[in-house]
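A short reminder: the numbers here are calculations on the coordinates, not readings from a lab. What you see is a predicted model; the values in this text were computed from it and never measured. Cβ placement follows ideal geometry from the backbone for every residue including glycine, while neighbour counts extend to all protein chains displayed.
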Amino acid sequence: MLERHNLQDQVTPYKMTLLVLVEQHRLCWAATNTATNPDVYSEREDRELMITLLSLVQSADLELREMMCKVGDLLKPTLMKNFSDQLKKVATEGVGAVMDLFQALPISLFQEPKPLLHKCSVLGFFVRRILLAFDKLSFSQVAALHSRYKAFYTQWSGPQNDDAPTDNRDLLNCSNISESSISFMEMESDEEENTSKQSALDTSVTDVGSYSKRQAEFFIAKQAALLQHNEMEALSPRKLQQRIMELLQSSPRLAEAHYLSYLNYLRVNEYCGAVESLHHYFDCHLVDFSKTNDAMKSKQEDEAICKGFRYAALSMAALQYRFGHRAEAFAAVCEAVRMAQETNDNVCLQHALGWLQRLGIEESGNTTYVLDRLVTKAGELNLAYLTSLGVQAFAKHNALAATQPSSVFEFLLKSDIVNCQHSMIDLMCTSYAQKAALWHMYGRREMSSLNSQLLLHLNTLELGVYRNGESECLALCQLARLHALQGELPKALEIIEITKKRCPPGSQNAPVWRLCEQLLLFDQAIHHGDWTAADQAMVNMASANSSEANYCECVLLLRRGEISEAFKRVEKLIKQHASHAPNQTQPDLHARLLMLQSDLHCASGNYPAAGPPLMHCLALCRKHNFSYLVAMATMSLAFVQFSLGMPRQALLLIEGALVPILSNNSLYDHARALYLYTRCSVAAVTPEGATKKKAALLSGIQTVAEVIHWFKEVGAFHRTKDAIYYQARLYNELGYVTERNKCALEFRQLDQQYPTRTSAMVNIL
């Protein structure tokens, strides 16, 4: 609970200004309630003003300059004049004007039978609370309030001459405020007068940023919800921390403020600050309980203290896991389990069980049993969120454990049912993102695109805020990746730019789009043969995903022709994957490493040695139902057979793998598969059948022309040169000299722009 003695409603100059604005608005509304009056508010204008007033009531105290900037454009001329005149009157006529204001408010606003403001409305409650707080003030406190109000008003308007007319429009001009304040300070020459004025200004500044109990509750709840659902709408980390410090100055033991500070530190990955804030959060609760009289301390209070210790340990485990400290996180979870077992706290045990599975440490026991126990017990305890989360974790575990895809998606369907029954929007988004990732892993990229689009079209409005979290960022990056595979790199980079606006570089989800962006740039650089750009993208990628960066480094070494070094790196990575626990491995990355090892053998001319890694890769992919990787591994095996002089056997393998490749979205793989198919088809024709051979050559020319177009679409110019060279050979064999020379000219032009620096690409698929 928020501390009442430190966060009670107080009468401040800011709240007095709000009272004046509410009063003048209702008086002007009553006086101008005719359709022909130009000062009458339309329904839309009145709604906008009311929403602004509501935000001003709920926010912390602002300077008058900031307040005027927010309401200045919404005030009609008459209302603005009356409002400014009343502010000036209260500032210049002394304590009596303050007393008159608070005495007149109940009469002008709440007088029956037709009150201008309903007592039970939001503004009505606000006015009544401030009136009650004012009634408790002594005369000396009222005098001090007026002094602070005068300084508060003078900061905005500058020194006022009672005889000089005031242009209210000029006072509402935000661009002139700072200049008037500076000139006012420069005109003061008397030292004593400066001292007294500065003292008054300092007093007024102490009111700016002050919070009542309700304002503090609303601010903390709103910012915590925004950090959870849409970080972009929350205050910046620096500004939010300043507001939190203002809250803690008025109430150092405000536990919720410490927790908000903890969330804010997590945004910027500040470990020390996050640990300190989390300690303060639980310490505040324990201090509150410890202050209770021992004679009156009940068993429930003792249990609450123990519960605080248990969940403090779990929270510390989450914090340590966030920063990659797995051993420390495991120790904290074990501590929570020990305390939960002592008090038979099944709810805490289920949360701890979930963390044990997430940590994936051998001491946590069999993962399948842990997950099954977690889902079953959470369902019995009606812990819907934990149940759905456990089911999603179970689906991920089964996918990595080579379970049938139908079983995996059946688990996710159960999670969807629980999410819909309890309106858990965040887990709905997570489910869609997980489905998109699974479909992509299984090689069904159209289904992956569909689930990503369903996620982005999902109505995620919750507590007045649309979600903009990790799931949405993943969906956008997935769509960008699919556009790049289709050869639409400019559109893919445009999607990345949209993602950057939704998740700025300093946000928690920035590593997601940063990894995707560097992958796109790496692929583009590899296709163009720009090794410097590829190396830079690989280095930038390492901070977001070291495993993917290591794989890209091996690809870059292969394309550079550094075969020996690439062999060492690939073998090291394969051994690392083989030594990983089953729940920590990445089978798709392992399969790609095996195919890369086969490409290295092909690049070195050792085609017989390329077969075993491919057979291992095929077995792994079939075990995990990676249909697309199965097709690509089969295509690589066909290339090995073709290179060994067995085009007919290679053609049989290609025909079985061609449909999965052509039905997916990678133009680069389309082109490679059709190019290999054409070469095998031409090579498989016997020399005796001249008619069949000519037909095969003509068909091959048409197919290669399409392959060249696709290679150009994705910017793979080195592959384009290879295909053009092969097309020229086909024309030459048919005797088409003119067409052959055109191909030769095109090859020469491309070679001048993108010279071949290594022959490694010629010997691989």
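Straight-line cross-link reach from LYS501 at under 28 Å between alpha-carbon atoms covers these lysines, not counting any fewer than eight positions away in the same chain: LYS70, LYS222, LYS239, LYS435, LYS491. Sorted into 20 angstrom bins from 0, the C-alpha pair distances of the chain split as 13, 34, 27, 19, 7, 0 percent. Taking Cβ atoms as reference points and 13 Å as the exclusive limit, the residues near LEU698 contribute a net charge of +1, counting Lys and Arg as +1 and Asp and Glu as -1.
Distance from the C-alpha centroid of region 65-112 to that of region 553-603: 74 Å, rounded to the whole angstrom.
For the chain, a simple Cβ point-charge model (Lys and Arg +1, Asp and Glu -1, everything else neutral) yields a dipole of about 3100 debye relative to the Cα centre. Protection proxy ranking of 346-359, 141-154, by the mean of other Cβ atoms within 10 Å over each peptide's residues and highest first, is 346-359, 141-154. Taking all Cα pairs closer than 8 Å and separated by 6 or more residues, the relative contact order of region 665-765 comes to 26 percent. Backbone geometry of region 631-637 corresponds, through the Karplus equation with coefficients 6.51, -1.76 and 1.60 at θ = phi - 60°, to 3J(HN,Hα) couplings of 5, 5, 5, 4, 5, 5, 5 Hz, x marking Gly and Pro. Look at the alpha carbon pairs under 8 Å that are at least 6 residues apart: their mean separation over the length of the chain gives a relative contact order of 8 percent. Listing LEU629, LEU109 from fewest to most neighbouring C-beta atoms within 10 Å gives LEU109, LEU629. Per-residue Cβ neighbour counts within 10 Å put THR430, THR78 in the sequence THR78, THR430, beginning with the fewest. Dipole of the chain (Lys/Arg Cβ +1, Asp/Glu Cβ -1, origin at the Cα centre): which of THR703, ALA352, GLN586 lies farthest to the positive side? Value computed over the given set: THR703. Only one residue of ILE563, ALA549, MET595 has its Cα farthest out toward the positive end of the dipole of region 545-640, where Lys and Arg carry +1 and Asp and Glu -1 on Cβ, and that residue is MET595. Mean residue ellipticity at 222 nm from the helices of the chain, using -39,500 (n - 2.57) per DSSP H segment of n ≥ 4 over the full residue count, to the nearest 500 deg cm²/dmol? When only DSSP H runs of four or more count, the value is -25000 deg cm²/dmol. Peptide packing for 547-557, 643-653, 744-754 was compared via the average number of neighbouring C-beta atoms within 10 Å per residue; ordered from the highest value, the list is 547-557, 643-653, 744-754.
Computed over region 545-640, relative contact order equals 23 percent, with contacts defined as Cα pairs under 8 Å that lie 6+ residues apart.
Counting beta carbons within 10 Å around each of ARG128, ARG445 and listing the fewest first gives the order ARG128, ARG445. Descending by average beta-carbon neighbour count within 10 Å, the peptides 631-640, 335-344 line up as 631-640, 335-344, the highest first.
Against the chain, whose longest principal axis is taken from its Cα atoms, helix 737-753 shows a tilt of about 40°. Projected onto their three principal axes, the Cα atoms of region 402-472 cover extents of 40, 23, 15 Å, largest first. When the C-alpha to C-alpha distance is required to be over 21 Å, the pairs from LYS692/LYS712; LYS377/LYS414; LYS15/LYS81; LYS693/LYS742; LYS136/LYS213 that qualify are LYS692/LYS712; LYS693/LYS742. Here's how it looks for GLU462: its modeled amide H is under 5 Å from those of ARG467, which are all 5 or more places away or on a different chain.
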